[in-house]
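These notes concern the structure reproduced below.
None of the figures in this text is laboratory data; all of them are computed from the coordinates on show. Small disclaimer: the values here were computed from a predicted structure and weren't measured. Glycine also receives a Cβ, built like all others from the backbone with ideal geometry; neighbour counts cover every protein chain displayed.
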2 protein chains.
Amino acid sequence: MGLIDNANREAFKRLDKSNPELTGIVYAKDVLPEMDKYTIGHAGPPIKWEDMCGPLKGAVLGAIRYEGLCETDVEAGVMVESGKIKFRHNHSVDCVGPMTGMITYSMPLFEVSNLAFGNKAYCSFNEGLGKVMRFGANGPEVIKRLKWIEEELAPAFKKALDRRGPVNLKVLMTKALAMGDEMHQRNTAASSLFVREIAPALAAVTDNKESLVRIMEFITGNDQFFLNLAMAACKSAADAIKNIPYCTIVSAMSRNGTKFGVKVSGLGDAWFEADCLMPKGLYFPGFTAEDGNPDIGDSAICETYGIGGFAMGGAPAVVRFVGAQSAAEAVEFTNDMMEICEGASSQLLMPSMDFQGVPSGIDIRKVVETGLLPVINTGIAHKEAGVGQVGAGIVRAPMDCFTDALAAFAKKVLPEEEQI
Amino acid sequence: MGLIDNANREAFKRLDKSNPELTGIVYAKDVLPEMDKYTIGHAGPPIKWEDMCGPLKGAVLGAIRYEGLCETDVEAGVMVESGKIKFRHNHSVDCVGPMTGMITYSMPLFEVSNLAFGNKAYCSFNEGLGKVMRFGANGPEVIKRLKWIEEELAPAFKKALDRRGPVNLKVLMTKALAMGDEMHQRNTAASSLFVREIAPALAAVTDNKESLVRIMEFITGNDQFFLNLAMAACKSAADAIKNIPYCTIVSAMSRNGTKFGVKVSGLGDAWFEADCLMPKGLYFPGFTAEDGNPDIGDSAICETYGIGGFAMGGAPAVVRFVGAQSAAEAVEFTNDMMEICEGASSQLLMPSMDFQGVPSGIDIRKVVETGLLPVINTGIAHKEAGVGQVGAGIVRAPMDCFTDALAAFAKKVLPEEEQI
């Protein structure tokens, strides 16, 4: 085998061996480098304010108010325009966040440790559905909910986790996949299983009954609660394959709503970017494709690892939600993704596909060779600031990211004899 | 269409329209007719003590001690031999119970109402796995757990249900089927979803924190907790098709560990019986088929309605647990059952089979005609009293039940011109 094949095999092995565990509840201010109230983490590759899409701008304005820096969107906008706000992309500090992906100073984060390699990854708490900051909504109820998460939910989770010990996410994800979750647009099983893991401990550590009821109602009332845990788990696995020389496996995919970015293991921290595509899917009543924003969020880390759209064959119940036609079509998506991946997971098995493992480790060479683009299951945000979610669907990663990355790879990394 | 076809169509419609809801937590002594401490309900068709299998005898002796009538199995045996204990089968009083199916005076029951037809059905609480009374175990820890269920768990459930209102089981079952439960040997999803329904209310009504933690640990620690709710739901649906003239649809299947009994809608309360078969399946470490008791339990009410073995095609994750070979084989089981059923459920859909409904309404004519016997997913009890569960597998209903029923039907119900 050549240097590339060896490197890719190694990357696949690391993805497969990764063992993410929820080890802590922390605050951004306590764990992230150079964090202050004026620093805002966002989804996707780096982006300037003037290039941000509507929902990302809406979320940023809300995030500034959430941190108590001002009272109104207008004031917040002035702060941004005057350069007081420092933007950085989440991936640069071991973080991921769904959709707009806001991570600010006061926010609590899930800390997920990859037991196999010792690295950590962080993700925000899931806020629920509808009008939420990750979809660009920023009204008073959005800020209030985020404050409640910070001040009541997260402290209770921290105490509960201290009591029961870490929650192994690979085990939960394996079970949830066998229950029809692909863990991007469908987390019903994983969220339910997680409730079972944490509920007894929450009951044990929460003295105030009204508080416990609020917490129980929140975590039992949200089928997507687990998404953010899945994302941190996938990030912790994907980070384990960073910087393997000669490796053509994708180590990150992410979108800021304007640009789709791809990182490749053997190409270090460079993002290969192209315009985000529009998801094709189903819109909530009252909305159409006209209202939708292009693809956005760090959540494509799910597909980077091998779940989400890649695992659709094991999650036939999701197909109608994301606008696919049939269980057979879902299987086709997964079979296609198998063609662009280095291997099939040895543990994340899909019973409905006769216990085949999910495709894992996207090889940019295979993407370019086959023309099969990574398929991503995603939520759809309204294109204007402040509205929220308007649908869900399927989107592809743009081809230019892969051809550009492959060209860069051929030019910068390959010795003459391996050039393709 | 003939009288039979019309009657069978009506039976299917009733099964399909049935809408079971958990409406109450009650005690056997308060709701069952002619109930006293000396009356013991058991699974299957009626049976005498001398004909009972080992696990059923073990459960009976334990049940007598649970009711405080004596201290030892020997004393309990003397009470039985001297005729002090009255046995009756659960189906005779709108009840079902898994495996040995013990229902005694002090036991709490789930009350499930079929909203479409107004009838009610009852089932005991699930005790957990391993050494439990339903599998014939009867040691002190078994009795202690049952007392705890009676004195702490059930009262909390009652208060919680009063607070939140009824839990619609058809909705939960529909969701759980889409998550790979067939709801007989696999209830992981349904149990998890049920926890989410009840946990906030339990937190709200339970003042004692230690009590709440015990309750949360119990209900979150048992993947099969929902089984008993599924059984009551199926019983409430099956009872809605009793006594339809000219109807050849099965209204009950049940086993007492010695005899398998089948009831047919148009044949009233008669049981058509044959010897129970041995399940084929997988045994827990240390046990073999030598240790297994023949098929036992009221839980075949699941298959009577159309879930369990009939829904295996929608529950590929169960196949390895019950000893089937592949997801394709699971689909085959479901397709076979479609051939002996009157219709496919319009609501209980299987995403992995392209949203096909589960087969529902077993027609004894089709069973005899095709030779395809109803397939049942089942737990396996040790054949000796006092041991407990030793495995899980797949079993068939015996053909004689159906040929005998069909003969009786032809003889007693049919006018000359409809005879077959």
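Any idea what angle helix B:227-238 forms with the longest principal axis of chain B, computed on alpha-carbon atoms, 0 to 90 degrees, nearest 10?
40 degrees
Report, ordered by chain and residue number, the aspartates and glutamates lying within cross-link reach of A:LYS13, taken as a straight Cα distance under 16 Å and ignoring same-chain residues fewer than 8 apart.
Within the straight-line limit of under 16 Å, A:LYS13 reaches these aspartates and glutamates: A:ASP5, A:ASP239, A:GLU342, A:ASP363.
Using 16 Å as the cut-off for backbone N distance, which residues of the stretch A:380-413 belong to the label zone defined by a point 7 Å from the Cα of A:ASP275 along Cα→Cβ?
Answer for the stretch A:380-413: A:396-401.
Tell me which lysines have Cα within less than 18 Å of A:LYS209's Cα, excluding those fewer than 8 residues away on the same chain?
Once the sequence-local lysines are set aside, what remains near A:LYS209 is A:LYS158, A:LYS159, B:LYS159, B:LYS209.
Which entries of B:LYS57/B:LYS259; B:LYS280/B:LYS366; B:LYS263/B:LYS412; A:LYS280/A:LYS383; B:LYS84/B:LYS131 have Cα-Cα distances beyond 19 Å here?
Working: B:LYS57/B:LYS259 15 Å; B:LYS280/B:LYS366 24 Å; B:LYS263/B:LYS412 15 Å; A:LYS280/A:LYS383 15 Å; B:LYS84/B:LYS131 27 Å.
B:LYS280/B:LYS366; B:LYS84/B:LYS131, as the Cα separations exceed 19 Å there.
Taking springs between alpha-carbon atoms closer than 10 angstrom, which of B:LYS170, B:LYS48, B:LYS131 fluctuates most in the Gaussian network model of chain B?
Residue with maximal mean-square fluctuation among B:LYS170, B:LYS48, B:LYS131: B:LYS48.
Taking R0 as 45 Å, what FRET efficiency do you get between B:SER211 and B:CYS70 from their Cβ-Cβ distance, rounded to the nearest 0.05? Could the numbers behind the result be given before it?
Working: r = 30 Å, r/R0 = 0.66.
That gives a FRET efficiency of 0.90.
Divide, for chain A, the radius of gyration over alpha carbons by 2.2 N^0.38 Å, where N is the residue count.
Working: Rg = 20.1 Å, N = 420, 2.2 N^0.38 = 21.8 Å.
Its radius of gyration relative to the 2.2 N^0.38 Å reference: 0.92.
Spin-label point model (7 Å from Cα, Cβ direction): what's the B:ALA410 to A:THR403 distance in nm?
Between B:ALA410 and A:THR403, the label points sit 7.4 nm apart.
For chain A, set up a Gaussian network in which alpha carbons nearer than 10 Å are linked by springs, and say which option among A:LEU212, A:LEU15, A:LEU348 fluctuates the most.
A:LEU212
Give me Rg/Rg_expected for the stretch B:237-418, where Rg uses Cα atoms only and Rg_expected = 2.2 N^0.38 Å with N residues. The partial results should precede the final answer.
On the way: Rg = 16.5 Å, N = 182, 2.2 N^0.38 = 15.9 Å.
Its radius of gyration relative to the 2.2 N^0.38 Å reference: 1.04.
Suppose you put the label 7 Å out from Cα in the Cβ direction; list, shortest first and in nm with one decimal, how far A:PRO33 is from each other copy's label.
Result for A:PRO33, in nm, nearest copy first: 7.8.
Quick one: if you stick a label point 7 Å off each Cα along the C-beta vector at B:THR174 and A:ARG320, how many nm between them?
A separation of 0.8 nm, rounded to one decimal place.
Count the net charge of all other residues whose Cβ sits under 10 Å from the Cβ of B:VAL205, scoring Lys and Arg as +1 and Asp and Glu as -1. All intermediate terms of the calculation are to be shown ahead of the outcome.
On the way: positive: A:LYS209, B:LYS158, B:LYS159, B:ARG163, B:ARG164; negative: B:ASP162, B:ASP207.
Spelling it out: positives minus negatives among the neighbours equals +3.
What does the charge add up to near A:ASP16, with Lys and Arg as +1, Asp and Glu as -1, over the other residues with Cβ less than 14 Å from its Cβ?
On the way: positive: A:ARG9, A:LYS13, A:ARG14, A:LYS17, A:LYS170; negative: A:GLU10, A:GLU342.
With Lys, Arg at +1 and Asp, Glu at -1, the neighbours total +3.
Could you give the size of the charge dipole of the stretch B:237-418 about its Cα centre, using +1 on the Cβ of each K and R and -1 on the Cβ of each D and E, expressed in debye and rounded to the nearest 20?
Details: 12 positive and 23 negative charges, 64 e Å.
That gives a dipole near 300 debye.
Give me the one-decimal nm value for the distance between modelled label points at A:ASN243 and B:SER346, 7 Å along each residue's Cα-to-Cβ direction.
6.2 nm
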